Amino acid sequence: MPIPRTDNELMVWLNNFSDSFASHAAALGFAEADVNTVKADASMLNYLVGDLVPTYKSALQARISYKDLIMSGPAGSHGGDPPPLPSTATAPAIVAPGIAQRLRQLVQRIQLAPGYNEAVGQNLGIVESSTSGVGRVTQTDNAKPTAKATALAGSRVRIEFRKAGFDGVQIESRRAGETGWQPLGTDNFSPFEDARAPVEAGKPEVREFRLRFILKDESVGDWSDIITATTRP
């Protein structure tokens, strides 16, 4: 399958590929340095796409809204303080430019390796066993989404996922202390944003998420592994 082109889909795909490649690398004849390069690229993409860019986009919008309020808001209304400075996670080790190009070259090397077969390709996500033709799903048993949760400013959580040929995903969540899962809805395009207010205003909270594929308005396959994020007020 082609490497995803959109930032969010590539980030989720690379996380899955990185984990799978680490388990197959030795049998395919790749060195530990190759595995570490993929891991470093995945860490950098997680930081840039999942944290840095959305955090600063959100910060910019908050400042524009504050500017509009101060400039044009009703006279006598309470404007409050300007939005606080944005905060992101610590940046990972710097990588060289060309993550996508390195991935394409690595996939070509993997497919030429003596130990490569279709089962390995399916596990790595570089071939699709669940589709025939262009984007048509034929096998739904055991289909399982992969996703990533990233905490953003303002108690929001961003969920990136891969559709893998399905129509979309069903998303459920539960917070710390809750025993049951709460439906958040469905989404046909990554990313999904959980913008619920926290249970206690101004305090971080742990949120768990799970996803299931949607095909022709029906939930199919297995639930994803549980992913977790701690919100940032």
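The values are calculated or read from the model by the stated rules, or taken from the named source; none is laboratory data. Keep in mind the model is a prediction, meaning the values are calculated, not measured. Here the Cβ is made from the backbone with ideal geometry for all residues, glycine too, and neighbour counts use every protein chain on show.
Worth pointing out:
- Test: residue 126 is modelled with pLDDT of 95 or more and not in a helix (DSSP H, G or I): no
- Condition check for residue 150: under 25 Å from residue 84 (Cβ atoms) and assigned to a strand (DSSP E or B): yes
- Qualifying residue in region 34-41 (condition: at pLDDT 90 or above, under 30 Å from residue 112 (Cα atoms) and outside any helix (DSSP H, G or I)): no
- Residues of region 29-47 satisfying the condition of being within 17 Å of residue 161 (Cα to Cα) and buried (at least 18 other Cβ atoms within 10 Å of the Cβ): 42, 45, 46, 47
- Residues that are without any contact (Cβ under 8 Å) to a residue 24 or more places away in the chain and in a helix (DSSP H, G or I) are absent from region 86-95.
- Selection over region 1-28 of residues that are of a type in the set (Val, Ile, Thr) and buried (at least 20 other Cβ atoms within 10 Å of the Cβ) gives a count of 1.
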